[in-house]
Amino acid sequence: MNIIEVSNKFTNELDATKYFENIRWSKNIRCAYCNSSQISSRNNDYRFHCKNCNKSFSVTTNTLLHNTRLPLKTWLYSFAIVSDAKKGISAKQLERNLGVHYETAWTIGHKIRELMIIENKEIELSGILEMDETYIGGKPRKFNNGSAYETEKTYKNIELDKRIKELKQDGFKFNRQKGNSAKSDISPKRGRGTDKTPVAGIVQRDGSVIAQVMKNTTYTDLKKLVNKYVDNSESVIITDEYKAYDKFSQIIEHIKVDHQQMYSYKGVNTNSIESFWAIVKRGIIGQYHQVSFKYLPNYIAEFVFKYNNRKDDDIFETLIKNSMKPINR
Ligand SMILES: [Zn+2]
């Protein structure tokens, strides 16, 4: 639903409330505390009374919108605005579009990112995966068109050829076209070993991505991320030559691409994850200017969510659905 549709469909708060109720309960409204169906009809303040546990509740009770002071109509507008903003949206923009105070806009933005994080917890990756880390907090990296691509004509790598052949026999299909199209950064990892904030990510080719702000990027830290999100038995993971990945073959099929020699070899490259980092960096520079370490995980979650829903026209529906999921407090 876009902003015009929201505006036409929800003329008052009751319409908006009923819409949320329908998403949460369908036709069977139940107590948000004890799940009893012995409840009063809706009161003037949009709350219900439970005859079983004697508590009162509303449609937002025990969800991420619990205790919201904003009209639900405002939330519908916010979801529509955010789902329409492909590159992310700043609090300043929300403030203007919604006509609310900056602080309110800021709170809405972060609440919406929380709704996106719920989605990210359910990600499972398998198949051909690319893993990499990036470092946030410095000057933008320069991108070029990748003159280091397709060096396979001159580059001979007997070991890599053998691995690619074996993995192809196991059913992994590396797409050679991929190496030509995407842009990449051919400079060394300037962030490694600096005080910038590391973010590690894994992408499934033509699938979903997961990314996480890291305290450290040791083997143990990166392994945890793999164990949490990857189906190890059904995957091969491509990384660069960063030392922390050295022991990855102990936990998963692992293939390294040596960026000092080449960027893509017979479809073995980390272009997909590098493209994702480019989106993150452009977004952070363009929309958010400065992101403090405290909130960086939320912003990263937003980019992950948007990337994973890139083919989905209705991020709005997903946000609504997630806003009505009961949570355990
Ligand atoms: Zn109850």
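Before moving on, here are some points about what is shown:
- Annotation: amide H-H contacts under 5 Å for residue 63 (H modelled 1.01 Å from N, sequence separation of 5 or more, or interchain): 327.
- Here the gap between residue 173 and residue 96, fully extended at 0.36 nm per residue and compared with their Cα-Cα distance, gives a gain of 22.9 nm.
- Sorting 12-25, 294-307 by average packing, meaning the other beta carbons within 10 Å per residue, from highest down gives 294-307, 12-25.
- At q = 0.17, 0.22, 0.28 Å⁻¹, base-10 log of I(q)/I(0) for region 1-57 (Debye sum, equal scatterers on each alpha carbon): -0.59, -0.84, -1.13
- Principal-axis tilt of helix 72-84 within the chain, Cα atoms, nearest 10 degrees: 20
- Inter-site label distance for residue 53 and residue 231 at 7 Å from Cα along Cβ, in nm: 3.7
- Rg/Rh for the chain stands at 1.05; both radii use Cα atoms, and Rh follows the Kirkwood definition.
- Length added when fully stretched, residue 312-residue 282, from 0.36 nm per residue minus Cα-Cα: 8.7 nm
- Nearest-ten-degree value, helix 158-169 long axis tilted from longest Cα axis of the chain: 50
- Length added when fully stretched, residue 86-residue 40, from 0.36 nm per residue minus Cα-Cα: 12.4 nm
- Average 1/r across all pairs of distinct alpha carbons in region 189-329, invert it, and you get the Kirkwood radius: 16.8 Å.
- For region 1-107, the Cα gyration tensor yields ellipsoid semi-axes of 29, 14, 12 Å (square root of five times each eigenvalue, largest first, whole Å).
- Burial order of peptide ranges 37-49, 247-259 (average beta-carbon count within 10 Å, highest first): 247-259, 37-49
- Projecting the Cα atoms of 326, 259, 236 onto the charge dipole of region 223-329, computed from C-beta unit charges around the Cα centre, puts 326 farthest toward the positive end.
- Note, ³J(HN,Hα) from phi for region 199-205, Karplus 6.51, -1.76, 1.60, rounded to Hz, x at Gly and Pro: 10, 9, x, 10, 10, 8, 3
- Theoretical FRET efficiency, 1/(1+(r/R0)^6), r = Cβ-Cβ of residue 114 and residue 33, R0 35 Å, to 0.05: 0.95
- Computed per residue of the chain from DSSP H runs no shorter than four, each worth -39500 (n - 2.57), the mean residue ellipticity at 222 nm is -11500 deg cm²/dmol.
- With respect to the chain, whose longest principal axis is taken over its alpha-carbon atoms, helix 219-229 is tilted by about 50°.
- Region 224-306 - Rg (one decimal) and Dmax (whole number), Cα, Å: 15.2, 40
Values in this text are rule-based calculations from the coordinates and carry no lab data. Bear in mind the structure is a predicted one, so any value in this text is a computation, not a measurement. So basically every Cβ, Gly included, is an ideal-geometry build from the backbone, and we count neighbours across all protein chains shown.
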